[in-house]
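Notes to accompany the following structure.
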Amino acid sequence: MPRLLSSLFALAVAFPFLLLGCDPGDADDSAEAASDAAVEECGEDAEPDAAPTADHDPSDATATREAARHAAAEAAGTLDEHPDHMPDDGPWMRSYGAYVVDRDTGEVIVSKKADRPRTMASIAKLMGALAFLSTEPDLDAEVSITRQDVYTPSFTKSPLQTYSRYRARDLLWHALLESDNRAISALARSTGLTGEEFGARMNEIAADIGLVQSTFVEPTGINGDNRTTPYEAGVLLEACLADPLLGEILAHERHEFPRLDRARTHVAHSSNMLMRMDHWKVVGSKTGYTCLAGSCLVMVAEVEGRTLRMSFMG
């Protein structure tokens with residue numbers, strides 16, 4: 001257990017530096033906050049990488065509420081809430097909220113504000129992918145990138161140029177690996193649903209898979225009203241891993257795909273740098289970053305011989 005805890009806490013402390021220390025163009029695209037809109041959201045003197053304090057979470061609108069009850073746990077006759085659980089022998093954890101559980105035994109290893117909803121950044125793309133697939137789309141259909149997809153509030157970097165065309169399947173890979181806002185926006189638009197209707201579809205699926213404290217308004221994660229808890233972020237990841245296509249995408253580090261209107265090939269790399277480290281075996285993961293949400297990671301991975309589902313938010 002000490003080695004396991006050491007590995008987990010090293011991840012929790014180091015991950016924000018791993019994410020923010022790399023080129024934002026190669027990491028979660030929402031980390032690229034160079035626009036006036038992003039500066040306005042963070043503030044001129046904002047320091048997204050500043051360490052959090054125990055009594056201040058800029059994303060937590062429910063700081064005084066008690067831990068919420070989980071219907072699934074209540075029905076199973078187990079504990080109906082997730083009180084904070086931090087091992088005595090572990091170092092200080094950087095994240096505002098975290099939840100780590102043994103996927104096989106159900107043992108909760110870490111629980112820190114696990115039931116407190118907070119902004120999730122690009123973790124929302126997982127639900128966007130589920131909502132897109134729920135419409136039973138033609139994955140080989142051509143989808144164009146439009147101005148509507150490009151001029152999102154964050155103006156984040158993307159290799160997908162306006163009016164370029166791709167297979168829907170490849171945009172799904174790019175949206176989840178590179179966390180590309182244009183890709184997931186184009187996929188949502190291609191369903192024929194309005195933005196409001198697509199958000200409603202996301203919330204319908206959330207209810208179906210038991211996310212009782214999560215709220216979704218759009219699929220990119222830019223909007224701070226996309227909110228979930230560390231516990232439910234893990235449930236969302238499990239729902240995606242259960243889908244054959246999404247499970248395949250989230251387990252890969254790299255995907256190469258063509259641009260259909262021009263002789264050009266794109267390569268998408270996972271925004272989770274741990275996917276490129278030999279001593280980690282990642283089953284599936286998704287990262288996220290905005291100034292409001294901070295760095296976020298939800299992941300299933302093998303650590304010290306155990307398969308863990310872990311969520312670190314903020």
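Put simply, the amide H of ILE109, placed in the peptide plane, has neighbours under 5 Å in VAL100, VAL101, ASP102, leaving out anything fewer than 5 places away on its chain. Between amide H atoms placed 1.01 Å from N, distances below 5 Å from ARG94 occur with VAL13, all of them 5 or more places distant or on a separate chain. Counting Lys and Arg as +1 and Asp and Glu as -1, what is the net charge of the other residues whose Cβ lies under 13 Å from the Cβ of THR307? It works out to a net charge of -2.
Taking 20 Å as the cut-off, the amide N atoms of the range 157-186 that come nearer than this to a point 7 Å along the Cα-to-beta-carbon line of ASP243 belong to 166-186.
Straight-line cross-link reach from LYS157 at under 28 Å between alpha-carbon atoms covers these lysines, not counting any fewer than eight positions away in the same chain: LYS125, LYS286.
None of the figures in this text is laboratory data; all of them are computed from the coordinates on show. Given the structure is predicted, the values throughout are model-derived calculations rather than measurements. So basically every Cβ, Gly included, is an ideal-geometry build from the backbone, and we count neighbours across all protein chains shown.
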